[in-house]
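Working notes for the structure below.
Values in this text are rule-based calculations from the coordinates and carry no lab data. Being a predicted model, the structure only gives us computed values, none of them experimental. Here the Cβ positions follow ideal geometry from the backbone for every residue, glycine too, while neighbour counts run over all protein chains shown.
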Amino acid sequence: MQPEHYDAWYASRRGAWIGGIECRLLEALLAPRGGETLLDVGCGTGYFTRRLAQAMHAGFATGTDIDCASVRYAARHDPGAAYALADARRLPFADKSFDLVVSVTALCFVEEAQTALSEMLRVARRRVALGLLNRHSLLWLEKGRHGGHGAYRGARWHTPADVRNLFSGYPVREVSLRTAVMLPGGGVVARALEGSLRRLAPACGAFIAAAADVR
């Protein structure tokens, strides 16, 4: 998908609703403190980098991605942040370079997800948050089966238990996990029922957000 098309989807009615829910959930789990630095690994067009940095009043935000076109697009649309071409499995930063590190669905497309998470934890001072696709969701039934469809083709879908296992063995504490986007259609009914369905089936949202403190 071209960067322009990706950002245009988030400008649509459905995309804005989903993007807003995901950003608010990640922000709540990151629990940022004013002026902290943020690294977004696999930032794509910088949509989440921009949204999270603005919401948390970040001291400085940096985004990295392996796709040249996306990095160029992000830099053009967010001159207040730094964007760099980098592989999530080999981040070009010193240990504990950022207060907060986040990655939104990028690890769903990284073959060596454990290596990427290890790198994220290495460069984080305080907290790491992940956004992942939930295999126990309606969205997986619609888009994830048989190798995935459209933008989800080739994506790896996780269960909440899988996500907790990702952090297992690393020097972290207090792993928090929540899901959201219960009815991914984003229509009137989906919006009206989102809160109720989260309470009824808290592990079944399409989007898994997990965060852990770095020791």
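Dipole size of the chain about its Cα centre, with +1 on Lys/Arg Cβ and -1 on Asp/Glu Cβ: approximately 480 debye, rounded to the nearest 20.
Considering only GLY59, GLY147, GLY19, the Gaussian network model of the chain with Cα springs below 10 Å gives its largest mean-square fluctuation to GLY147. Taking 0.36 nm per residue of separation and subtracting the Cα-Cα distance, full extension of the segment from TYR6 to LEU193 would add 64.7 nm. Per-residue ellipticity at 222 nm from helix content only, as computed over the chain with -39500 (n - 2.57) for each DSSP H run of at least four residues, stands at -11000 deg cm²/dmol. For the stretch 84-130, the set of GluC sites (Glu not before Pro) satisfying both a DSSP loop assignment and a count of at most 14 other C-beta atoms within 10 Å is given as GLU111, GLU112. A straight line joining the Cα centroids of the stretch 124-201 and the stretch 65-104 runs 23 Å.
Label-to-label distance for VAL175 and GLU112 is 2.1 nm, based on points extended 7 Å past Cα in the beta-carbon direction. Estimated at 0.36 nm per residue, the fully extended path between LEU200 and ASP213 surpasses their Cα-Cα distance by 1.9 nm.
Fully extending the segment from ASN165 to ARG33 would add 44.8 nm, taking 0.36 nm per residue of separation and subtracting the current Cα-Cα distance.
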